[in-house]
Amino acid sequence: FPDLQSQITAADVEALLNDPGYSAFGNFCSVYQYYHMMSSGKLRYTNKVVGPVRLKQKQSFYINTLLIDEAMQSAMSSYQLDLSEFDSKKEGLVDAVSFMYAGRTQYNGELWPHNYVHEMRFGDVKTRYYTLQSLGRNNLDLSIGTFSHESGHMLCRFPDLYDYGERDDDLEESSGLGYYCLMSAGNHLGNGK
């Protein structure tokens, strides 16, 4: 954002997401290691990292405006991406796209960490599933927790397993599955690391 940058580099994010021996900045492992370990070696989840890109508006603008269209257009023009590389079934559909924004997590409007469906078309290929979460300001903010949680939705279609409190005729507050599950509060263990 013009008013907020991050000192984190693409190489830092590449390591956080993909390195098999990662343990930097207090993280237990990388996102790749986490899914590989939790699947007993059956899932090898990797990400191609591009960026950074500079958005046109201040961060506060994107509370009410989803940033992914602008970010994706900027990435496409800056990095000349071939999206067919991310279409595993060769059906003209990108498997998934994740976006990380500069600064700490904003639990506000469109900057709330989330996954959802949003279609963007680039030639013969379109996107559908995406995640959005914060990147942080510097390397000490880098953590695997929220990225792993949001990827759990997108990659494995896992539901949230935390308790919203009084909702859907549930009048009992609880901790859901608590720290025992990534999709509950486990992504906050060790400050998300």
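The values are calculated or read from the model by the stated rules, or taken from the named source; none is laboratory data. Note that the structure is a prediction, hence the values are computed from the model and not measured. Cβ sites come from the backbone with ideal geometry, for glycine too, and all protein chains shown count toward neighbours. Protein only, heavy atoms only, side chains kept; ligands, DNA and RNA dropped before computing areas. Shrake-Rupley method; radii C 1.70, N 1.55, O 1.52, S 1.80 Å.
Before moving on, here are some points about what is shown:
- Checking each residue in region 19-38 for being in contact with a Gly (Cβ under 8 Å, 6 or more places away or on another chain) and aromatic (Phe, Trp, Tyr) picks out only Phe28.
- Test: residue in region 74-90 that is acidic (Asp, Glu), under 22 Å from Ile8 (Cβ atoms) and assigned to a helix (DSSP H, G or I): no
- Residues in region 39-73 that are more than 23 Å from Asp87 (Cα to Cα), assigned to a helix (DSSP H, G or I) and open to solvent by less than 50 Å² (accessible area, probe 1.4 Å): 3 in all.
- Residue within region 170-181 that is under 30 Å from Arg54 (Cβ atoms), over 18 Å from the mean Cα position of the chain (by Cα), not in a strand (DSSP E or B) and not aromatic (Phe, Trp, Tyr) present: no
- Within region 155-175, the set of residues being surrounded by fewer than 16 Cβ atoms within 10 Å (Cβ to Cβ) and at pLDDT below 80 comprises Tyr164, Gly165, Glu166, Arg167, Asp168, Asp169, Asp170, Leu171, Glu172, Glu173, Ser174, Ser175.
- Region 1-38, subset buried (at least 19 other Cβ atoms within 10 Å of the Cβ) and of a type in the set (Ser, Thr, Tyr), residue farthest from the chain's Cα centre (by Cα): Tyr22
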